[in-house]
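Shown next, in structure tokens, is the structure this report addresses.
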Amino acid sequence: QPREKGGFRKGWAYIVSHPNTLAFLFLSWVLPIFIIPNFNALLPVYAKDVYAGGPDTLGMLLSAIGIGGILGGFVATSLGNQKFERRGVLQLDALLLLGLSLIGFALSSHLWVGLVCLAMAGFFEMIYITTNMTALQLSVPDELRGRVMGIVSLRSGLTPVGAFIAGIGADLIGPQMVTVILSGAALVIAVV
């Protein structure tokens, strides 16, 4: 079966003409720009400079995120078929709590407090991702879902942009302040 031409244009036209889908798309951009850089670009700096550790400390920080993410995945799957409106509220609550968890991590000087905050961040990140993708897909008709999700998948290209910003910021003002600023931006987006 030949592939239909203009799929990208049709997907983008649908996104732009439907405010809910557009909002969910923009919300999916929050993670690669404001949240994920804290996990992939800044954690080695935290391990070495903030917690005076090495590879073992970095491993513990990454494991805390993973453990929280696994628990968040279990909770997200147990939610089942809630109403669409509830998913949107849960998504924003998860983003708000994710930002607060990362701010708590940035402000903690003890490793064990940082590990708890990172586990909470991983937990809320998984709930946020799951609810965002579910709400996004439910806002699109079946015949356009593939086109729209293809456009949504382009968000992974934003991760290096966020990491670049976080890296420069860590050099200029320190990793903790960068985390507070990036997470604070995510909080503002959740509130708005």
**OP:** Report yes if Val188 is on the phi < 0 side of the Ramachandran plot and not in a helix (DSSP H, G or I), otherwise no.
**Re:** no
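Any residue in the stretch 128-140 that is outside any helix (DSSP H, G or I), over 18 Å from Leu95 (Cα atoms) and of a type in the set (Ser, Thr, Tyr)? I'd like the intermediate steps shown before the answer.
First, the residues of the stretch 128-140 that are outside any helix (DSSP H, G or I): 139-140.
Checking the rest, the ones that are also over 18 Å from Leu95 (Cα atoms) come to 139-140.
From what is left, the residues that are of a type in the set (Ser, Thr, Tyr) are 139.
Yes, there is a match, as at least one residue in the stretch 128-140 is outside any helix (DSSP H, G or I), over 18 Å from Leu95 (Cα atoms) and of a type in the set (Ser, Thr, Tyr).
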Subject >> Inter-residue pairs, beta-carbon under 6 Å, first among the acidic types (Asp, Glu) and in the stretch 105-131, second in a helix (DSSP H, G or I) and surrounded by 24 or more Cβ atoms within 10 Å (Cβ to Cβ), 6+ apart >> reply: Glu125/Leu98
Original post:
What about Gly99, is it open to solvent by less than 70 Å² (accessible area, probe 1.4 Å), out of contact with any Phe, Trp or Tyr (no Cβ under 9 Å at 6 or more places or on another chain) and not aromatic (Phe, Trp, Tyr)?
Top reply: no
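Can you confirm whether Gln176 is open to solvent by 50 Å² or more (accessible area, probe 1.4 Å), in a helix (DSSP H, G or I) and at pLDDT 95 or above?
Numbers: open to solvent by 50 Å² or more (accessible area, probe 1.4 Å): yes; in a helix (DSSP H, G or I): yes; at pLDDT 95 or above: yes.
Spelling it out, Gln176 is indeed open to solvent by 50 Å² or more (accessible area, probe 1.4 Å), in a helix (DSSP H, G or I) and at pLDDT 95 or above.
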Subject >> Set Arg87, Arg147: member being open to solvent by 50 Å² or more (accessible area, probe 1.4 Å) and among the basic types (Lys, Arg) >> reply: Arg147
Original post:
What number of residues within the stretch 47-68 are open to solvent by 80 Å² or more (accessible area, probe 1.4 Å) and in contact (Cβ under 8 Å) with a residue 24 or more places away in the chain?
Top reply: 3
Original post:
What pairs come up if the first residue lies in the stretch 15-36 and is touching a residue at least 12 places away in the same chain (Cβ under 8 Å) and open to solvent by 30 Å² or more (accessible area, probe 1.4 Å), the second is part of a helix (DSSP H, G or I) and not small (Gly, Ala, Ser), and their beta carbons are under 7 Å apart, counting only those six or more places apart or on different chains?
Top reply: Trp29/Arg155; Trp29/Leu158; Ile33/Leu158; Ile33/Val161; Phe34/Leu182; Ile36/Thr159
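So which of Ser139, Ser153, Ser183 ends up being of a type in the set (Ser, Thr, Tyr), out of contact with any strand residue (DSSP E or B) (no Cβ under 8 Å at 6 or more places or on another chain), at pLDDT 90 or above and open to solvent by less than 70 Å² (accessible area, probe 1.4 Å)? Please lay out each step first, then the result.
On the way: Ser139 fails: at pLDDT 90 or above; Ser153 fails: at pLDDT 90 or above.
The unique qualifying residue is Ser183.
The values are calculated or read from the model by the stated rules, or taken from the named source; none is laboratory data. Computed from a predicted structure; not experimentally measured. Glycine gets a Cβ as well: all are built from the backbone with ideal geometry, and neighbour counts include every protein chain shown. Ligands, DNA and RNA are stripped out before the accessible areas are found, and what is left, the full protein with its side chains, is counted by its heavy atoms. Shrake-Rupley method; radii C 1.70, N 1.55, O 1.52, S 1.80 Å.
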